[in-house]
Each structure stands twice: as C-alpha cells, then as structure tokens.
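Participant: First the structure, then my questions, so here it is.
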Amino acid sequence: MASPFPTSPSPKSVSMLSKLVRFLKSHPILFLLLLTPGIPEYLSASSQITLLVVFPPLFFLFLAANVGLYGSGVILIREAMIRWKKGWASVFLLGVAYGIVEEGLDLWTLFYSNAGPVGNLGFYGHWLGVNWVWTVGLLIFHSVYSIGLPIFLFGLVFPELKTKSLVSGTRLAATALCLIADSIFLFIFVSAIYSGYNPGGTLLLFSGLVAATFVVLARKLPDNFLRTNPGQPRWSPRKFAFAGALLFPATLLAGGIAAGANLPPEIPFVLDIILAAFILTRAYKSMGTVNNQEEKVALSIGLVFPIAVFGLIASIGLANPLIIVADLFFILFSRRLWRKWHQWTLLHRSALQTSLPGFGESPAPLFP
C-alpha cells in the first residue's frame, strides 16, 4: 500500500516494494494466500523461513503444502461467508471445523501425545485418546488467526472486494479439490513420520463428524447472531489493540502455564473458551458501525503482535534468523495500513465525503 499522503513525482525508479504493491493490487487472491499461511506458520516460526537458504526444495515443499491447506481453507470459508450471507460467528465455527480437519484428520496433533509441537500438552489433559487442552487452544488459534484474521485483513486492504466472491465454477471446485488433495498428502506424510502411532478409525471418524457438525451449525446460525452496537466505536484504537494482543497469551499459552503450575486440566480447558468468547465478543460489539476503520486496523495489529513476538523468541533456539524478514514485512504492512485508514478517518471526520481507499491508493474526496 502506498503512503496516503500526497507526494511529488520522484525521478527515482519505482522501489521493489512499490512494484510488489502494484502486483498484489491486481492479484487479490494471491494477497490472501500470502496472509495464510504467513500469519499462523511463518510469523509464529512453526514453519522456518531459513529453509529457503539452507534447503530450498524442502522450503518450497512445505510452502506448497501450507498454501494448499491454509489458502484453500480460507478461500472456501470466505466464499461460504459471502454466499450464505453469514456473519463472523459462522466464520469462527467454520474455522473450528478447519482446525479439526488440519490438526485432527491430517496432522494428528489433537491425538498424538508425542507430536512435535504439542510438548507437555500431549500428556496434560490427555483423555480418551485426545489432547483436550491442546485441542481447545489450537482450535481457537486456527479459527481466529488462520481463518478469521486473513479474511478480516483482506477486507481492510480491499474494501471494494469485501462482499464479492473471488472464485466460482471450476475455480471453486479446483480450490476444494486442492484442499482434499493436500489433506490426503499430509495424512500419508504424517503416517510415515508417526509410523509407530495410529489414532484409529474411531477417533478419525468422530473428528470428521464433529467437523461436519460445526459446518452445519455455521450454515444454520442466523447471520445476526453476533451483532455490533450501532454508532461510533466505544473503545479507542489503543484499547482494541490491547484486546487483540491479549487473546493469544490468554488462550493458547494458558494451557502451558496451567500445566507448569500443575492445575487441573479442566481449568484451562474451560477458561480458554470463556476468555476467547469474552474478548472477541466484547471487541466486536464495541467496534461500532461507522468510522471504525482505525479501530479494525488496531485490533488486527494487536492480534498479530504477540504471534510475531512468540515466533521471534522461539526462533532463537531454532536457528531461524530469517524470521526477521517476516517481522519486517509485518511492520511495514501494519504501518501502511494504519496510515491509510488514519488519513481516511481524518478526512471523514473533517466532513469531507470520501471513497473507500483501494489497495495502494490514497483516500480521495468523492467530489473536488
């Protein structure tokens, strides 16, 4: 996104960043695919960018698998949101269904106690073959950060496309087939890695039924189930940023803290759900319906910030120094998005009738 402030023509050549902005402006789907898995995988250091230098073939293999999984999932859920005319509550339910498919049917982290990323949560709260504390925290994470946040950010970057379908017909079918093929590939891949473990048909079938139930609930849920209060935002941008930053440590990290303190696993299991519901609903209802673009940007930055910090700290022990590149892109993106909507808000509050700024464009009055 270009700076919203007027600039005089420069004799210098267009920067690489400006070229990238122009390219992404004409390829909005590609931008959405960069957000997913960019936020949940590469900012969090779950997938290492340093592989691009150390072993490029493996990096691109993982990238293709991540894009096929996350990208297809977020596109399909966004299409469901638009075609079914549903709100954010349905998106979060579909995000939970996606999380069950990825982490349960494909990667088995919801069940396998010794799965790499699970840590001590594979034993803390493990019951009937399910890592319950890990499961609830991870499903909240996927629902919010893997699915909801990319769709939310896409609407801020491309406001003119916010309610428009991106794929249809054969492209929609190809997206669904991509998700299915990627899931099958990951299932086979994980089966080979965890050769001494098999969750069994009962757990897999149960997971599939639960995921399908969440899809049906999302389809049946009224579009106004989660409503924001009309009028101006009730919180300042700073408060929205704080609420967003609170969600990640209050949910996903709470299980690890509870396990270290040897608390009953039922406590973080229930507390994660309550805190996530409380933070998200309070923020949404306080967002207002007018002049709320700054607040939306602040909330999204707040949501991403602790993930970036967590990924940076985790990378210290993972020999993943190139994560700083992802952090830099996050900072530049956040800065430009904030400046754009801050400028638009100032113009709007000055009683100048303005149009919604497009990606890489300055907000401009509708009339001279």
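Participant: Need a quick list: helices (runs of 4 or more DSSP H) entirely within region 26-88 having at least 1 residues that are of a type outside the set (A, V, I, L, M, F, W, C), under 29 Å from K220 (Cβ atoms) and in contact with an Asp or Glu (Cβ under 8 Å, 6 or more places away or on another chain). Full working, then the answer.
Facilitator: Details: elements: 28-37, 51-54, 56-66, 72-83.
Qualifying helices (runs of 4 or more DSSP H): 72-83.
Participant: Could you grab me the full set of residues in region 70-123 that are in contact with a Gly (Cβ under 6 Å, 6 or more places away or on another chain) and among the hydroxyl-bearing types (S, T, Y)?
Facilitator: Matches in region 70-123: Y98, S113.
Participant: Next question. From the list R219, R234, exactly one residue is surrounded by 12 or more Cβ atoms within 10 Å (Cβ to Cβ), among the charged types (D, E, K, R), touching a residue at least 12 places away in the same chain (Cβ under 8 Å) and in contact with a Gly (Cβ under 8 Å, 6 or more places away or on another chain). Which is it?
Facilitator: Numbers: R219 fails: in contact with a Gly (Cβ under 8 Å, 6 or more places away or on another chain).
From the options R219, R234, the qualifying one is R234.
Participant: Assess whether G155 counts as being among the small types (G, A, S), more than 20 Å from L204 (Cα to Cα), part of a helix (DSSP H, G or I) and in contact with a Phe, Trp or Tyr (Cβ under 9 Å, 6 or more places away or on another chain). Please lay out each step first, then the result.
Facilitator: Working: among the small types (G, A, S): yes; more than 20 Å from L204 (Cα to Cα): yes; part of a helix (DSSP H, G or I): yes; in contact with a Phe, Trp or Tyr (Cβ under 9 Å, 6 or more places away or on another chain): no.
Criteria not met by G155.
Participant: Among the residues in region 215-235, are any in contact with an Asp or Glu (Cβ under 9 Å, 6 or more places away or on another chain) and assigned to a helix (DSSP H, G or I)?
Facilitator: Among the residues of region 215-235, not one is in contact with an Asp or Glu (Cβ under 9 Å, 6 or more places away or on another chain) and assigned to a helix (DSSP H, G or I), which makes the answer no.
Participant: Take residues that are modelled with pLDDT of 90 or more and crowded, with 16+ Cβ neighbours inside 10 Å and tell me which of the helices (runs of 4 or more DSSP H) falling wholly in region 257-368 contain 3 or more.
Facilitator: Counting at least 3 such residues, we get 266-285, 293-316.
Residue-wise test of (1) surrounded by 24 or more Cβ atoms within 10 Å (Cβ to Cβ); (2) of a type in the set (S, T, Y); (3) modelled with pLDDT of 95 or more.
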position	(1), (2), (3)
L110	yes, no, yes
N114	no, no, no
V118	no, no, no
F123	no, no, no
H126	no, no, no
G129	no, no, no
V133	yes, no, no
L139	yes, no, yes
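Participant: Hey, another quick one. Just to be sure I understand, how many residues within region 261-281 are of a type outside the set (F, W, Y) and over 19 Å from the mean Cα position of the chain (by Cα)? Write out each step before concluding.
Facilitator: Step one: of region 261-281, the residues of a type outside the set (F, W, Y) are 261-268, 270-277, 279-281.
Those left that are additionally over 19 Å from the mean Cα position of the chain (by Cα): 261-268, 270-271, 274.
Residues in region 261-281 being of a type outside the set (F, W, Y) and over 19 Å from the mean Cα position of the chain (by Cα): 11 in total.
The values are calculated or read from the model by the stated rules, or taken from the named source; none is laboratory data. Here the structure is a predicted model, which means the values were calculated and not measured. Using ideal geometry, Cβ is built from the backbone for each residue, glycine included, and neighbour counts are taken over all protein chains shown.
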